[in-house]
Every structure is written in C-alpha cells, then in structure tokens.
1. In segment 66-84, what count of residues is obtained for those that are open to solvent by 60 Å² or more (accessible area, probe 1.4 Å) and either closer than 18 Å to Ser269 by Cα or under 23 Å from the mean Cα position of the chain (by Cα) (or both)?
2. Please verify whether Glu172 is in a loop (DSSP other than H, G, I, E, B), open to solvent by 70 Å² or more (accessible area, probe 1.4 Å) and not polar (S, T, N, Q), treating the condition exactly as stated.
3. Residue under question is Thr151, and the condition is that it be in contact with a Leu (Cβ under 9 Å, 6 or more places away or on another chain), among the β-branched types (Val, Ile, Thr) and at pLDDT below 90; does it hold?
4. Quick check on segment 288-301. Is at least one of its residues more than 30 Å from Asn100 (Cβ to Cβ) and surrounded by 16 or more Cβ atoms within 10 Å (Cβ to Cβ)?
5. For segment 214-230, does any single residue satisfy the condition of being touching a helix residue (DSSP H, G or I) at 6+ places or on another chain (Cβ under 7 Å), surrounded by 15 or more Cβ atoms within 10 Å (Cβ to Cβ) and of a type in the set (D, E, K, R)?
6. When segment 109-148 is examined, which residues are found to be over 18 Å from Tyr199 (Cβ atoms) and of a type in the set (Val, Ile, Thr)?
7. State which residue pairs qualify: first residue open to solvent by 10 Å² or more (accessible area, probe 1.4 Å) and inside segment 97-115, second residue part of a strand (DSSP E or B) and of a type in the set (Gly, Ala, Ser) in any location, beta carbons under 8 Å apart, and separation of 6 or more residues or different chains.
8. Write out, first by first residue and then by second, each pair whose Cβ atoms fall under 8 Å of each other, whose residues are 6+ apart or on separate chains, and whose first residue, in segment 284-299, is of a type in the set (Asp, Glu) while the second is part of a helix (DSSP H, G or I) and surrounded by 14 or more Cβ atoms within 10 Å (Cβ to Cβ).
Amino acid sequence: MAMLARSSLFKSTPHLTKLSALNQPQSRHATGGFTPSDMPIIKTKWAATAKVGKLCESMKNVAAGALPGSERHLSNARPFGSVTIPLFQLDTENEEAIQNILHVPIGTERGMCGAISSNTVRRAGEAAANSPNLNHKVVVYGKRSSAVCNTLFGKDLIVTAGEVKTKQPTFEFASQLAEFILYEIDYKWDKIILYFNEYENIVKFHLRTASIYRTEISQVIADLQFPTYEIEGDTRTLIDNLIEYKLASSLYMYMAENVASEQGSRLRSMDSAVKTCGEKETELEQIYQGLRKTKITNELIILAVAGRIASMKKK
C-alpha cells in the first residue's frame, strides 16, 4: 500500500497539441462505402476486433472467477463493519458547525469495470460544487479513480491511496488509511464523507455515502447516545478511539462493498463488450467477403472484355 501525492501522479500539461492526429479532419469516400482497395484495412480491423474480443473474454472469465470470492469476503466484512455504523450519527446536522469537508471516494485500482471507477468521485465533485462556500479536500482510494479526481478537484486532491497488492481489502490497510487521515494530513476537517457502491447482486449496486464527524461534534452526539451504554474510563479518549475504529471499520466494509460491485460491473461490462466485438467482427467479415466478391467479379469482367477485344482484333 502506498500514499501517492498528486504531484507524483500527474504533471501539468500546457497544451494538448501533441495529439495532432486528432486535430486533423478525417474524410471518407464520397459514397460512404468501401472499395476493393480497402480490403487490407478491413482485414486489419477484422483481426484487431477479434483480438479485442478474446481479451474481453479473458477479462470476463477473470471477473467471473473473482466475484464469488468477493461475495464471500463481503459476507464476512458486513457484520464486522456494521457494528460501528450507528455510533455518532445525526439525523439532522448543524450546518454552521461544518466548514471543512474531507471527501473520501472509494474507487478502483483497475479499469474495464464501467462506471464503478468514477461514479464515487463524480458524486464527490457534485457535492463540492453544491457547497461552494465550504472548504473541500479529497483523499481518494484507487489509482484508476485518481485521474478523474484530479480533473474535478485539482490541487484539492491531497493524496491517492493505491498500489494495493491484495485481491481483497484488508483491515490492516483500512487501519493505515484511517491513521493517515486522522493524524498525518495537514487539514482540520469537520466532517468526512465516504462514497462507495453498495453491492446488492451481480446486476445491481447502489451509490451510498456515510459521514464521520470531528471529535467536538461527536462529543455532542455522544452525550445523547452514551447514556444507553455502560462506559468505563476517560470519555474523551474513548471517543477518539471510537472515531478511529469507526473510520477504519467503515473503510474496510465499504471497500469490500466496492470490490464486489467492481467485479460484478466488470463481468457485465466485459460480457457486453464480447457481444459487441462479435457483432462488429461479423459485420467486418461480411464487408470483407463482399469486397472480395466485388474484386473477383471485376477481374472476371476485365478478363472477359480483354478476351472479347482480342477475338475482335483477330477478325
């Protein structure tokens, strides 16, 4: 696991003229069709489409194999993380007490999974845009999602948590990220908003948010909640420890939710891509075979005309 600063991932680009090929106008035949001279191009596209289809088929099989493991991991993570969810929760909050917000969108390390890699970041961007009078900073999980986050937030992106080597999120990683957010970043937040995708089944997931408040606000909430619990020890220390544990356990459960949603979305995306590649491959094959027939017909016509002309000269 690594905490990657924005400056190490993204460099300023003064202009986009490097993509000069995209700036040139593209033209096609006046009739909008193909000629026999286009056969090598069609054959190349046909072969490339077949290769992409095989790649998508492989990714689909990988996702299909990983999804059951993610579902089992999620079934164990939910009871563990859901215990702390009711702690320090508010039905209505005092907006005047919240000026600094830290957004923590949980994204993905890898792509090819549809909207999962960017929907949490985009929701965080919408929330920041709807509250322009507040201060906003971002800590994003997933190198794939950090690109979208950099576009939306720019210098407000504090760090990207990425390069996770494990297939499933671990509580150790969640604890390290929670400690970094609470004790190492130079930003005095009043409220943390976590963005994640809640997994329901292979075809359905829901974008959710969860909030965690700073110690002073949590103390006010605790005065209402804690009378229902038996408490031993210093209340202030207990609240700080509970906030840290709540953040770590929430990150752990929400990452598990997001990973399961990611695998389900990747499976559906790759299945759709395989079908699209198959349809495109069939279309290109039909075009190629049609051009081949046209070319053979033209050559036969030329031979017939040449033979006719030769016979007329003999006479």
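The values are calculated or read from the model by the stated rules, or taken from the named source; none is laboratory data. All values derive from a computational prediction rather than experimental measurement. Virtual Cβ from ideal backbone geometry, glycine too; neighbours counted across all protein chains shown. Areas reflect the complete protein model, heavy atoms only, side chains present, ligands, DNA and RNA absent. Shrake-Rupley method; radii C 1.70, N 1.55, O 1.52, S 1.80 Å.
1. Start the filter on segment 66-84 by keeping residues that are open to solvent by 60 Å² or more (accessible area, probe 1.4 Å), which leaves 71-72, 75-76, 78-80, 83.
Checking which are either closer than 18 Å to Ser269 by Cα or under 23 Å from the mean Cα position of the chain (by Cα) (or both) leaves us with 71-72, 75, 78.
Number satisfying all stated conditions: 4.
2. On the way: in a loop (DSSP other than H, G, I, E, B): no; open to solvent by 70 Å² or more (accessible area, probe 1.4 Å): yes; not polar (S, T, N, Q): yes.
In short, no.
3. No: the conditions fail for Thr151.
4. Yes.
5. no
6. Passing the criteria: Val121, Val138, Val139, Val140, Val148.
7. Filtered contacts from segment 97-115: Glu109/Gly162.
8. Glu285/Trp46
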